[in-house]
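Colleague: The structure under discussion is supplied below as structure tokens; questions concerning it will follow.
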Amino acid sequence: MQNRTPQANPNNGHGADHRHQAWVTTGATRVTTGVTTGVTTGVTTGVITGVTTGATRVTTGVTAGVITGVTTGATKARKHGGSMATNLVTVTPAKQQRTATGQAERHKKEIMHTLKDAVRRMFPNVHKWTYFKPPVHFNRVPYRPQTIDGTDVIVAVPATQMSDVREDESQQRVHSVLSAMFAGRSEVMVVMFELDFDNYLNNAENLCRVEERNTERRPSGNDAFAPSEGSAAVGYGGEQPRVTSLPSKDDPGGATAVAMSLPDLSVFTRPRDLPNDLQRGRFDILILHRDLGIIILEVKAIGDAFSLSRDMQSISGQYDAIRRKVERSVRQLDKEEAVVRQLVGDIVDVTSLPVTKALVLPNVERRTVQAALMQDPQLVQRVCQCLATPSLEDALDLCIFRDSLPPIGQSVIVSNELIEKLHCDWWLKVTDKAKTRPACMDDELYESLVARFCGPATTQNVTVAHSTRADVTTLHQAVLQTSRCFSQPVLTSEQVDVLRSQWTLVYLTGPPATGKTLMLTLKARDWARRGQPVFIVSLWEGSESVSRLIYRKVSEDHEHVHLLVSKHPQCSDIIDELKSYLDTQRLQHPTRRPSPHSTPARPSPHSTPARPSPHSTPARPGNQQAVHTANGVDDNSRDPPLHRREKLCLVMDEAPWFFTAFVSRLEHALGRESFELWAASSFPGWRPQAFREVVLTQAQRCPPVVVMEMQKGHAYSAFTRQPYTSLDAGVLAGMPSPTDGPPVKRVQHGQHEGGRVTDVWDCRQCGQEVATFLTQDLQIGRDKEDALRFSDVIISGYLPDLVCVRLSERSAEFLEADSNGDCTPLHGWLDNRRTSSGFLRGLEDGGVQLDIFTKGPCQSEKLAVPSDTNCVQIAEPESILGLERAVVVVIGTTDVRRTYPRYVDPWFDVMSVCTSQLVVVGEMEATVEKMFGSLHV
């Protein structure tokens with residue numbers, strides 16, 4: 001082989017240097033190209049991926065691109081140029097981990113900031129007061145949708161699972177007594193009922209909506225996950241973007257779909273991250289206390305008196321059942337403590353967090369539980385270990401028993417003695433127990449705990465309003481849901497049977513809020529659906545508003561519906577109108593007139609009323625739906641049936657004291673066979689003898705809290721009205737009330753500092769306090785979907801003569817209507833009277849607009865169907881009979897110079913209008929006693 005000798009190069013001395021420089025240049029170029037290409041590719045890929053899957057992948061893409069570009073460039077530089085690669089920086093996996101951890105911590109802080117802001121708005125005095133979540137307890141009431149003559153209603157049926165009724169009833173009594181005990185004490189805490197583990201930090205959408213509202217209030221804020229108006233936002237990793245409709249300036253209805261990012265709640269420890277045995281469960285009662293830490297209560301409904309199982313009929317069987325329940329409760333308490341400590345372990349040292357546990361056995365006495373546990377020493381040791389007490393006596397001191405709770409089925413009956421007993425026998429001992437443990441609680445930690453467990457990201461849905469699931473956290477949400485529960489068309493099976501009957505003359509009686517107006521409305525709809533002429537008749541001023549309400553509900557879907565309002569003291573105008581209509585119909589159908597050989601249909605005005613039929617049903621006083629028959633009409637009449645357009649169908653709500661005389665004149669003018677009449681009144685003594693009497697005594701349109709307040713008035717016992725069904729009757733029958741309702745708000749006139757005003761109506765501070773409660777606590781008037789309106793509030797009670805007009809003649813009332821039927825009240829006069837009342841001035845100081853109602857057709861129409869949602873209505877008691885409002889403010893005053901009719905009570909009848917929140921202003925009970933001393937029947 002021939003050897004090749006390299007030829008000499010003229011620049012042989014510099015050839016190697018040029019080649020080395022070329023390699024270096026090429027290496028540097030490739031480094032630059034690698035970095036640029038890598039970064040560009042990484043950023044592009046990261047952005048595209050981030051837009052698709054979230055902001056986390058943007059960070060990942062940028063980081064990966066930089067690392068890839070730098071690494072590739074460094075490799076090529078090392079390969080071609082040697083030492084230049086040593087000057088490049090490489091990102092290590094440890095640094096990536098630190099970066100991701102820092103981003104997660106920042107994201108967690110941003111979420112906590114939003115949660116705390118929301119909690120401060122939901123609970124304005126979170127560092128001063130006690131709050132309950134939910135503020136009221138809702139029962140699981142079994143309902144069955146049903147159609148009655150073309151109208152959809154809801155029928156209450158007995159529960160098939162009495163265990164649900166027992167649990168709800170036990171929770172209701174505990175909720176009621178705890179609310180009453182902490183109402184007047186300076187305990188700073190939040191009490192949560194029935195919180196499922198899965199509810200903890202489970203609602204990212206709700207949190208995003210809260211932050212969106214905050215962004216509207218703070219446009220310059222640095223929001224982590226709130227999209228700008230009408231724009232798309234990129235979310236954090238872990239949660240997929242959700243397409244939703246958001247309002248914008250160009251699209252106020254929110255029809256434009258945008259990608260709305262959801263906050264990544266996975267940065268927190270949630271139950272789904274715990275071991276399998278801790279992922280599912282429920283806190284019966286969880287208390288977050290500012291000074292005592294966390295208190296966990298386990299409620300067990302065992303040993304109740306209204307549904308004992310067969311194995312509990314003996315003492316030994318009852319003891320065995322108690323031990324089983326206690327053993328299960330101990331295991332659950334240990335589990336709940338472990339869950340709590342792991343959920344909050346990132347913000348507090350779990351070893352220093354005080355956690356107190358206790359049992360609640362609402363249906364068993366303490367001595368019974370003690371006797372049952374003493375038979376099992378191992379169980380006693382387990383109980384003492386769980387509750388961290390040295391002896392069984394000390395452990396039982398931390399528990400709540402039947403001895404310290406209201407009777408079964410009577411959760412609204414909470415006496416002061418009972419409250420004091422529970423406070424001394426239980427709460428003081430719990431306090432002493434918690435103080436012996438190391439304290440780590442401060443304002444910051446307490447607010448963080450409340451933000452996590454009670455903030456918008458933790459939703460606690462309860463069953464309300466016919467199996468509807470709703471999140472009830474604040475008082476205004478509870479008031480709204482309670483009003484929906486008691487505004488539904490709910491009937492009992494007995495009421496359904498009455499509506500489906502063929503009775504022509506029916507007299508519904510019973511105390512207010514028992515469903516009489518609802519039944520009349522349904523019956524009128526049935527008649528109208530069949531094409532019969534329906535007349536809604538008002539015989540006196542107290543029935544005008546409710547008659548207009550019935551007319552509005554029936555006439556909106558049916559024809560042949562008429563409203564007749566009497567303008568004459570003897571109601572002769574009503575009879576003339578009906579007679580004229582009937583004569584016109586008979587002229588159009590002459591072949592359907594009664595036979596001349598038929599029995600005379602018009603009795604003499606001096607004739608004796610017919611005697612009851614021997615086959616009539618005997619009276620059953622006190623029965624929930626007792627039906628009395630006193631029908632003197634022969635069902636086998638020889639008269640041929642009239643044409644259905646000749647048969648008048650009359651509905652009369654709030655029948656007055658002269659109803660019997662009116663019916664007698666009506667029969668004399670028209671004939672008894674010419675009309676069907678259904679009437680309702682709270683007074684059973686006003687029933688004509690020929691009418692079937694249906695007695696309704698179960699309160700269906702008012703919560704039990706309001707019913708209990710109504711029964712405090714003298715009218716409940718002084719007037720001849722039917723008593724309400726006992727509170728425990730529904731529980732024992734498996735049909736409890738949907739809820740007891742929010743507690744009564746009391747404004748004590750005599751407790752205002754420096755007040756020298758003797759009359760509530762002249763007290764400006766009372767008006768300001770009521771306005772604060774309406775606008776802040778109940779959040780009335782706020783532009784939200786779940787907010788009450790000012791038209792849902794009505795003020796009535798003892799109103800001075802200066803406020804409500806009393807005209808001497810009923811015919812003068814119609815002077816307030818102009819030629820077009822529009823209402824033109826004397827606004828100047830009303831303004832002068834408004835400024836003369838300190839209470840009204842106080843309401844206006846708090847931003848509450850007022851609408852004072854006088855008597856007249858236009859005024860009663862506006863009362864029946866409010867047209868202005870921005871005004872609170874003020875009206876006399878006799879003007880609101882039969883109506884319904886979510887919030888009712890009852891005014892009490894020492895001025896009793898006004899004389900109300902015996903059939904109108906400014907305490908009893910006004911409160912019956914309330915379907916949810918009752919507000920009592922002044923010393924009402926003393927006023928009632930003073931008034932009824934002279935008006936006692």
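The values are calculated or read from the model by the stated rules, or taken from the named source; none is laboratory data. Worth saying up front: this structure is predicted, and the values here are computed from it rather than measured. Positions of Cβ are generated from backbone atoms using ideal geometry, with glycine treated the same way; all protein chains shown enter the neighbour counts. Protein only, heavy atoms only, side chains kept; ligands, DNA and RNA dropped before computing areas. Shrake-Rupley method; radii C 1.70, N 1.55, O 1.52, S 1.80 Å.
Colleague: What pairs in Lys335/Lys435; Lys116/Lys429; Lys133/Lys784 have C-alpha atoms more than 25 Å from each other?
Modeller: Lys116/Lys429
Colleague: Something else now. For His107, tell me the accessible area in Å² from a 1.4 Å probe, rounded to the nearest 10.
Modeller: 10 Å²
Colleague: For Trp761, Trp503, write out the residues from largest to smallest accessible area, computed with a 1.4 angstrom probe and no ligands counted.
Modeller: I get Trp503, Trp761, largest accessible area first.
Colleague: For Asp740, tell me the accessible area in Å² from a 1.4 Å probe, rounded to the nearest 10.
Modeller: Looks like 20 Å² after rounding.
Colleague: Could you give the Stokes-Einstein D for the stretch 284-394 in µm² per second, using the C-alpha Kirkwood radius, 10 °C, 1.306 mPa s?
Modeller: 104 µm²/s
Colleague: Still on this structure: What figure in square angstrom, to the nearest 10, would you give for the accessible area of Arg106 with a 1.4 Å probe?
Modeller: Spelled out: Arg106, probe radius 1.4 Å, area about 130 Å².
Colleague: Now, a different point. Report the full-extension gain for the segment Gln378 to Asp777: residue separation times 0.36 nm, less the Cα-Cα distance, to one decimal in nm.
Modeller: Answer, rounded to one decimal: 138.7 nm.
Colleague: Going from most exposed to least, what order do Glu298, Glu861 have by accessible area with a 1.4 Å probe?
Modeller: Descending accessible area places them as Glu861, Glu298.
Colleague: Same structure, new question: Taking 0.36 nm per residue of separation and subtracting the Cα-Cα distance, what length does fully extending Lys579 through Arg328 add?
Modeller: Between Lys579 and Arg328, full extension yields 83.0 nm more.
Colleague: Now for a separate question. What FRET efficiency comes out for Glu420 versus Glu844 if R0 is 35 angstrom and r is the Cβ-Cβ distance? Round to the nearest 0.05.
Modeller: 0.30
Colleague: Say R0 is 35 Å: what FRET efficiency, to the nearest 0.05, do Lys712 and Thr151 get from their beta-carbon distance?
Modeller: On the way: r = 36 Å, r/R0 = 1.02.
Computed FRET efficiency for Lys712 and Thr151: 0.45.
Colleague: Right, another one. Based on a Kirkwood Rh over C-alpha pairs, give the Stokes-Einstein translational diffusion coefficient of the stretch 354-446 at 37 °C and viscosity 0.692 mPa s in µm²/s.
Modeller: Reported coefficient: 223 µm²/s.
Colleague: What is the distance, in nm, between label points placed 7 Å from the Cα along the Cα-to-Cβ direction at Glu556 and at Leu587?
Modeller: Between Glu556 and Leu587, the label points sit 3.6 nm apart.
Colleague: Report the normalised scattering of the stretch 398-477 as log10 I(q)/I(0) at q = 0.17, 0.21, 0.27 Å⁻¹, calculated by the Debye formula with identical scatterers on the alpha carbons.
Modeller: -1.07, -1.02, -1.07
Colleague: I'd like the FRET efficiency for Asp273 and Gln370, computed as 1/(1 + (r/R0)^6) with the beta carbon distance as r and R0 of 41 Å, rounded to 0.05.
Modeller: The calculated FRET efficiency here is 0.55.
Colleague: Please identify which residues in the stretch 345-373 have an amide N closer than 19 Å to a label point set 7 Å out from the Cα of Leu428, following the Cα→Cβ vector.
Modeller: Correct set: none at all.
Colleague: Can you pull out the trypsin sites (Lys or Arg not before Pro) in the stretch 417-502 that DSSP calls coil and that have at most 14 other Cβ atoms within 10 Å?
Modeller: Details: sites: Lys421, Lys429, Lys433, Lys435, Arg452, Arg469, Arg484, Arg500; in loops: Arg500.
Sparse-neighbourhood loop trypsin sites (Lys or Arg not before Pro): Arg500.
Colleague: Further question: Heavy atoms only, probe 1.4 angstrom, no DNA, RNA or ligands counted: give me Glu337, Glu693 ranked by accessible area, highest first. Mind showing how you got there, number by number?
Modeller: Values: Glu337 40, Glu693 15 Å².
Most to least solvent-accessible, the answer reads Glu337, Glu693.
Colleague: For Trp129 and Thr351 in the same chain, what is the full-extension length gain: residue separation times 0.36 nm, less their Cα-Cα distance, in nm?
Modeller: Fully extending the segment from Trp129 to Thr351 adds 77.2 nm.
Colleague: To continue, here is another question. If you find the alpha carbon centre of the stretch 649-671 and of the stretch 513-556, how far apart are they in angstrom?
Modeller: 15 Å
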